[in-house]
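Engineer: What follows is a structure written as structure tokens; I'll ask about it next.
What follows draws every value from the coordinates through simple rules; no lab data is involved. These numbers were taken from a predicted model, which means no experiment stands behind them. For neighbour counting, all protein chains shown are included, and Cβ atoms are generated from backbone atoms with ideal geometry for every residue, glycine included.
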Amino acid sequence: MNAASGTGYRIAEHARLDARNTFGVRASAPMLVEATEAAALTELFGYAMLRDPSTLVLGGGSNLLFAGDAPGAVLALDTRRIDLVEDHGTHAVVRADAGVVWHDFVLWTLGHGLTGLENLALIPGTVGAAPIQNIGAYGVEVREHVQAVEAFDRGTGGFIRLPADACAFAYRDSLFKHAPDRYVVTAVEFALPRAFQPRLGYAGIEDELRAMGVEGAPRAAQVAEAVIRIRRRKLPDPAVTGNAGSFFKNPIVPAAQAEALLAAHPGMPVFRGAGDDSRKLSAAWLIDQCGWKGHRDGDAGVSADHALVLVNHGHASGLQLLELARRIAASVQARFGVAIEPEPRIVGASW
Ligand code: EPU
């Protein structure tokens, strides 16, 4: 492997990406460019190769599956600054580089007396990835606290700042997810209140706080701790068992279809959809009903603790995991007539 470096970046040829994807599958790239300082991005995007849509931008590698090698260069954003840019007393504006580890950022905000992100504790990945799929957990989506997203626009060749209402945020979706070849998220600005308004509606959080011995109104750090405990119990740790969190999105179907399914399967969970005439179903429940939980094809498997999580028990290839995912989706389609779609980005193959 040949290597080179400049101020704020490093370049390696024929680089392995096994440690840069949380599934831990074998993959490589003809060239890996690691940006460690945001200031280097202007120089790096001066190179036509890095502006090319075939360049894959990598954050924590926790929301992608390498079903093959990266076809072109890979740009890894390892930029790590966090700045409190405005303090209005009741709330503050914080700007974080794309490469900041998301959970470290959540802990930083709590440590600075800022609230709002506690339900999103321990989500794998980076700050830059958070707006792309509008990460969400335990009844909160990140869009509620994003003030603006900074990105490099490969279409125009310049840096832009998009206010949240220009980002087309929706459930696990945004403008950036629709145009992955165009925008490279470089930093995110958050507006975070100091006064804590707990969001405890999601099943399990209040029970966990009680189990922790928290009486009365919890503090934000205690809610984060409850979320961390629930996640540790339900979701496999990617440092131990390769995975990318939920592999499928919860499907959104017409309300009439949800009602017909509910009549046939009275125990089926049904949640509110985006509007009155749509409903969100639980992909985990649908997959579980098809008998996949704990299933294993060699080293490619489904977590025994959560039906929505595909796991690499050791040496599964990305293609084996993708084939398992396709079989799971086909069985849900055949049994319930519902199409489920992957949440992670798939590199080297199409769904
Ligand atoms: N369920 C099953 N079998 C299982 C697991 C769950 O039947 O093995 C059913 C249960 O009825 C449960 C329901 O599915 O009530 C929902 O399960 P859970 O509360 O775990 O939530 P989820 O819809 O499966 C979503 C997010 C998670 C997030 C949790 C908590 C998506 C695709 N996933 O999962 O996000 O942590 O809610 O808010 O929206 C991720 O995106 O990577 C992720 C982990």
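Engineer: Starting from the range 240-258, take each residue that is without any contact (Cβ under 8 Å) to a residue 40 or more places away in the chain and surrounded by fewer than 18 Cβ atoms within 10 Å (Cβ to Cβ) and list its partners that are part of a strand (DSSP E or B) and among the charged types (D, E, K, R), counting only C-beta distances under 6 angstrom and pairs at least six apart or across chains.
Structural biologist: A255/R279
Engineer: Right, here's the next one. Of all the residues that make up the range 29-49, how many are within 15 Å of I11 (Cβ to Cβ) and either within 22 Å of the chain's Cα centre (by Cα) or in a strand (DSSP E or B) (or both)?
Structural biologist: Residues that pass the stated criteria total 8.
Engineer: Quick check: anything in the range 299-309 over 18 Å from the mean Cα position of the chain (by Cα) and more than 30 Å from I205 (Cα to Cα)?
Structural biologist: Among the residues of the range 299-309, at least one is over 18 Å from the mean Cα position of the chain (by Cα) and more than 30 Å from I205 (Cα to Cα), which makes the answer yes.
Engineer: Failed condition for A191, given (1) more than 22 Å from the chain's Cα centre (by Cα); (2) hydrophobic (A, V, I, L, M, F, W, C); (3) surrounded by 15 or more Cβ atoms within 10 Å (Cβ to Cβ), with all others met?
Structural biologist: With (1) more than 22 Å from the chain's Cα centre (by Cα); (2) hydrophobic (A, V, I, L, M, F, W, C); (3) surrounded by 15 or more Cβ atoms within 10 Å (Cβ to Cβ) applied to A191, the lone miss is (1).
Engineer: Which condition does E323 not pass, out of (1) surrounded by 14 or more Cβ atoms within 10 Å (Cβ to Cβ); (2) within 16 Å of the ligand (Cβ to nearest atom), if it passes all the others?
Structural biologist: E323 satisfies every listed condition except (2).
Engineer: Could I ask something else about it? What number of residues within the range 259-296 satisfy the criterion of being of a type in the set (A, V, I, L, M), more than 11 Å from the ligand (Cβ to nearest atom) and surrounded by 18 or more Cβ atoms within 10 Å (Cβ to Cβ)?
Structural biologist: Residues meeting the conditions: 1.
Engineer: Determine, yes or no, whether R229 is farther than 26 Å from I346 by Cα, in a loop (DSSP other than H, G, I, E, B) and either among the basic types (K, R) or in contact with a Phe, Trp or Tyr (Cβ under 8 Å, 6 or more places away or on another chain) (or both).
Structural biologist: Judged against the criteria, R229 is not a match.
Engineer: Right, here's the next one. So which residues in the range 280-313 are farther than 27 Å from Q257 by Cα and assigned to a loop (DSSP other than H, G, I, E, B), if there are any at all?
Structural biologist: The answer is G294, H295, G298, D299, S303, A304, D305, H313.
Engineer: Ok, one more. Say whether the condition of being of a type in the set (S, T, N, Q) and in a helix (DSSP H, G or I) is met by at least one residue in the range 108-116.
Structural biologist: Looking for residues that are of a type in the set (S, T, N, Q) and in a helix (DSSP H, G or I), one finds at least one in the range 108-116, hence yes.
Engineer: Among the residues of the range 232-252 satisfying the criterion of being touching a helix residue (DSSP H, G or I) at 6+ places or on another chain (Cβ under 8 Å) and outside any loop (DSSP other than H, G, I, E, B), which is nearest to the ligand (Cβ to nearest atom)?
Structural biologist: Among those that are touching a helix residue (DSSP H, G or I) at 6+ places or on another chain (Cβ under 8 Å) and outside any loop (DSSP other than H, G, I, E, B), it is S246.
Engineer: How many of the residues making up the range 77-102 are outside any strand (DSSP E or B), in contact (Cβ under 8 Å) with a residue 40 or more places away in the chain, among the hydrophobic types (A, V, I, L, M, F, W, C) and closer than 19 Å to A39 by Cα?
Structural biologist: Residues meeting the conditions: 1.
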